[in-house]
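What follows is one structure encoded as structure tokens, with my remarks underneath.
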Amino acid sequence: MGTDISKFRRDLLRWYAASKRDLPWRRTRDPYAILVSELMLQQTQVKTALPYYEKFLRHFPNPEALASASENAVLASWAGLGYYRRARFLRAAAQAIVARGSFPEHLEGIRALPGVGAYTAAAVGSIAFGLQQAVVDGNVIRVLARLAALGADPTCGEGAKKVRDLAQNLLDLKRPGDFNQALMELGATVCVPDKPRCHDCPVQGHCAGFLEGKPGDYPRLPPRAATQVLVKAVVLALRGSGPRSEILTRARSSRQEAKFGASKTRLEGFWAFPEFEVPSLDFSAAEVRAVKEIRRLVGSEAPLTGRLPRVRHRITVYDIHLLPLRFFVPKSASLAPAAIKQGWQWVGLSKLADLPLASAEKKLLTLLNRVLVPNEGRGSQLGLIL
Ligand code: SF4
């Protein structure tokens, strides 16, 4: 990019003042409210997070209110937003703030709060307290790689260091919060991943990628890993009937997740149903094994009551096909000792909405809901709020 950094800052900030989206967390300097917004926006789009942000702050308007709330109350307020670990971190951060007496005003102190990494600390610190720390998130990495026509991979090693240095070098030290938000806004609305809108870009004249005529060639990322197809049978074992039905489930542990590679350990703590890999999409073969599995878990025979439609979803490089099989377990059956040791338990269907569920399990429960209460829409009398 060109060397007139002052002009770059002016062009970017002028554009931001005129074009920024009107978002509620941009109307406050309250570090707690900004922290709430930053954690919500991790892995979540702005339009999805908006109603949750307002509802969450109505329920927990300050760190004291959040710190003294029960975990279940916090999770309920977060229900539907996913990635529940963020809600737990937020509550733990509020407790840490209350314990120390005030919101930390220095980068190290903000960074020390539970769930806060380098990016979040820089965002909260610069916006709420004017700390001179550049943010580096996915949007910023993309914009800077294009502006500098960076030949290296900007997500690791030397390339990542160049991006961090460039971000800090460009930062407007008088208005770090606005500058950080402006760069992120540019990445979110103009310098977008697939087709950057260079003709609407306020810093086009500073952009080496654009001046080369190939902005889309940046960032230079390594080729994506090949997709791996995974087929799994899922046992949906139900006990009882009507609103008091229970389902066999457990929270995933890091040990179970590690079997599928480090990329999936992020599902640790999310609740899941018995599942196992099968070699093909053949439901019949999956049923034979599922019958054995349910016998192992509940120590007795349990009739298979039907198949549900196949569920397909993606996690990182995995293209996962789930074959859901529904079983009815008699009320008299108790869990086998080995199953209890492995964490399996019966949980009321109406209570599942309060537990962290990944998107695959939500899809499975939506299907199950339709089968159990065919004339009801989503959110039936079983209370599955998904
Ligand atoms: Fe991105 Fe194009 Fe602007 Fe360069 S000119 S920063 S590639 S939108």
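The values are calculated or read from the model by the stated rules, or taken from the named source; none is laboratory data. What you see is a predicted model; the values in this text were computed from it and never measured. Virtual Cβ from ideal backbone geometry, glycine too; neighbours counted across all protein chains shown. Keep in mind that these areas ignore ligands, DNA and RNA; they rest on the heavy atoms of the full protein, side chains included. Shrake-Rupley method; radii C 1.70, N 1.55, O 1.52, S 1.80 Å.
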Q: Could you run through the range 185-197 and say how many residues are over 11 Å from V143 (Cα atoms) and near the ligand (Cβ under 8 Å from one of its atoms)?
A: 1
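Being farther than 15 Å from L186 by Cα and modelled with pLDDT of 95 or more is the filter here; which residues of the range 1-22 pass it?
Applying the first criterion (farther than 15 Å from L186 by Cα) to the range 1-22 yields 1-7.
Selection gives I5, S6, K7.
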(Q) Please go through the range 269-278 and give me each residue that is closer than 16 Å to W346 by Cβ and in a loop (DSSP other than H, G, I, E, B), ordered by number. (A) F273, P274
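Picking from G125, G138, G157, which residue would you name as being more than 21 Å from F8 (Cα to Cα) and touching a residue at least 12 places away in the same chain (Cβ under 8 Å)?
Values: G138 fails: more than 21 Å from F8 (Cα to Cα); G157 fails: touching a residue at least 12 places away in the same chain (Cβ under 8 Å).
After applying the criteria, what remains is G125.
Give, as residue ranges, the helices (runs of 4 or more DSSP H) completely inside the range 38-150 that count at least 2 residues that are closer than 30 Å to G213 by Cα and at pLDDT 95 or above. Working first, answer last.
Working: elements: 46-59, 63-67, 71-78, 85-100, 107-111, 118-129, 138-147.
Result: 138-147.
Can you work out which of the residues in the range 20-77 that are among the polar types (S, T, N, Q) and touching a Phe, Trp or Tyr at 6+ places or on another chain (Cβ under 8 Å) is surrounded by the fewest Cβ atoms within 10 Å (Cβ to Cβ)?
Ranking the candidates gives Q43 first.
Residue under question is V203, and the condition is that it be β-branched (V, I, T), surrounded by 17 or more Cβ atoms within 10 Å (Cβ to Cβ) and within 16 Å of the ligand (Cβ to nearest atom); does it hold? Let's see the steps before the verdict.
Working: β-branched (V, I, T): yes; surrounded by 17 or more Cβ atoms within 10 Å (Cβ to Cβ): yes; within 16 Å of the ligand (Cβ to nearest atom): yes.
When the stated conditions are applied, V203 passes them.
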Q.
Given the options V116, V98, V136, name the one that is of a type in the set (V, I, T) and open to solvent by less than 30 Å² (accessible area, probe 1.4 Å).
A. V116
Q | Members of the range 195-213 found to be in a loop (DSSP other than H, G, I, E, B) and in contact (Cβ under 8 Å) with a residue 12 or more places away in the chain, listed by number | A | K195, P196, C201, P202, V203, C207
Q. Just one of the numbered conditions (1) in contact (Cβ under 8 Å) with a residue 40 or more places away in the chain; (2) surrounded by fewer than 18 Cβ atoms within 10 Å (Cβ to Cβ); (3) of a type in the set (S, T, Y) is not true of Y84; which one?
A. (2)
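Return the total of residues in the range 143-179 being touching a Phe, Trp or Tyr at 6+ places or on another chain (Cβ under 7 Å) and away from the ligand (no atom under 14 Å from the Cβ). It would help to see each step written out before you state the result.
Taking the range 143-179 and keeping what is touching a Phe, Trp or Tyr at 6+ places or on another chain (Cβ under 7 Å), we get 145-146, 149-150, 170-172, 178.
Subset that is away from the ligand (no atom under 14 Å from the Cβ): 171-172, 178.
Of the residues in the range 143-179, 3 are touching a Phe, Trp or Tyr at 6+ places or on another chain (Cβ under 7 Å) and away from the ligand (no atom under 14 Å from the Cβ).
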Q) Out of all the residues in the range 207-228, is one or more open to solvent by less than 20 Å² (accessible area, probe 1.4 Å), more than 21 Å from C156 (Cα to Cα) and within 11 Å of the ligand (Cβ to nearest atom)? A) yes
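Can you find, within the range 285-309, the residue that is least open to solvent (accessible area, probe 1.4 Å) among those that are among the basic types (K, R) and touching a residue at least 40 places away in the same chain (Cβ under 8 Å)?
Initial filter on the range 285-309 (among the basic types (K, R)): 289, 292, 295-296, 307.
Applying the additional criterion that residues be touching a residue at least 40 places away in the same chain (Cβ under 8 Å) yields 289, 296.
Details: R289: 117, R296: 101 Å².
Selected residue: R296.
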Q: Could you check A182 against (1) away from the ligand (no atom under 16 Å from the Cβ); (2) crowded, with 21+ Cβ neighbours inside 10 Å; (3) in a helix (DSSP H, G or I) and say which number it fails?
A: (1)
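Would you confirm, using the coordinates I've provided, whether A233 is modelled with pLDDT of 95 or more and within 12 Å of V143 (Cα to Cα)? Steps first, answer last, please.
On the way: modelled with pLDDT of 95 or more: yes; within 12 Å of V143 (Cα to Cα): no.
Taking the combined requirement at face value, the residue does not satisfy it.
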